[in-house]
Amino acid sequence: MNANVISDYRQRSQVASVASLVLALDWMQTSDVRLVNVSLEGPYNRILDRVVKQAVSKGMTIVASVGNGGPNSTPRYPAAFPGVIGVTALDAADRIYSDAAQGAHVDFAAPGVDVFVPVGERGRYESGTSVAAPHITALIASTNFLETNSHAIVSDLTSSARDLGEPGRDTTFGFGAPRFRSGCGNFKQ
């Protein structure tokens, strides 16, 4: 399922409002969507905090990009909300994306620098944490995630992750880069 939360304003760049995010999460929750990728980020919002907390408490797993404000930026949301899996971006040599946010909300790292993204009949190379988050979402979807919650998923992904920074969890790479298991896992519909 796909929920478009981005509006195109003629005089401004594309933006997503809290209202559109809340409506999308509510629609997905009532549609029994269990795994959601959110490839966008913004400042803290109390309403979004309540909606995300409710969705996570009812079994929704949310994977979100940690943001592209650089290593000294403030935490960005929804990735920094408790229970949300925050993803940062790596290049092909497992180096952190130079604009990636860092902090305690980084859970995992995934490819996100110069990744080919299909656009219409063509495509282009993109970089950012928003490009990295879908890799972790796909990894979770390839497992038996429907039987568990986000804390158990983080624990499972951590067991397969390559540690990339300081030993253990760190604020740059989180727990590291999880590895795909052989085959497609035991995904249940």
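Since every read-out is calculated from the coordinates, none of them should be taken as a lab result. The structure displayed is predicted, hence computed values, not measured ones. FYI the Cβ positions are ideal-geometry reconstructions off the backbone, even for glycines, and counts take in every protein chain you see.
Some points to look at:
- If R0 equals 22 Å, the separation of the Cβ atoms of residue 179 and residue 39 corresponds to a calculated FRET efficiency of about 0.55.
- Chain lengthening between residue 116 and residue 74 when straightened (0.36 nm per residue, less Cα-Cα): 12.3 nm
- Per-residue ³J(HN,Hα) for segment 81-92, Karplus 6.51 cos²θ - 1.76 cosθ + 1.60, θ = phi - 60°, Hz, x for Gly and Pro: 6, x, x, 8, 8, x, 10, 10, 10, 10, 8, 5
- Label point at residue 169 placed 7 Å out along Cα→Cβ; residues across segment 97-138 whose backbone nitrogen lies under 16 Å: 102-109
- Hypothetical label at residue 50: residues of segment 72-98 whose amide nitrogen lies under 16 Å (7 Å Cα-Cβ projection): none
- Extension gain for residue 138 to residue 104 (0.36 nm times residue separation, less C-alpha to C-alpha distance): 10.0 nm.
- The simple Förster model, with R0 at 22 Å and r as the Cβ-Cβ distance, assigns residue 57 and residue 91 a FRET efficiency of 0.05.
- Three-way shape call for segment 19-159 based on the alpha-carbon gyration tensor, with the a/c threshold at 1.5: rounded
- Table column - 3J(HN,Hα) (Hz), segment 68-73, Karplus curve with 6.51, -1.76, 1.60, x for Gly and Pro: 10, x, x, x, 9, 6
- For peptides 128-137, 25-34, sequence by mean Cβ density within 10 Å, most packed first: 128-137, 25-34
- Backbone HN-Hα couplings from phi across segment 112-118 [Karplus 6.51/-1.76/1.60, Hz, Gly and Pro as x]: x, 10, 6, 8, 6, 10, x
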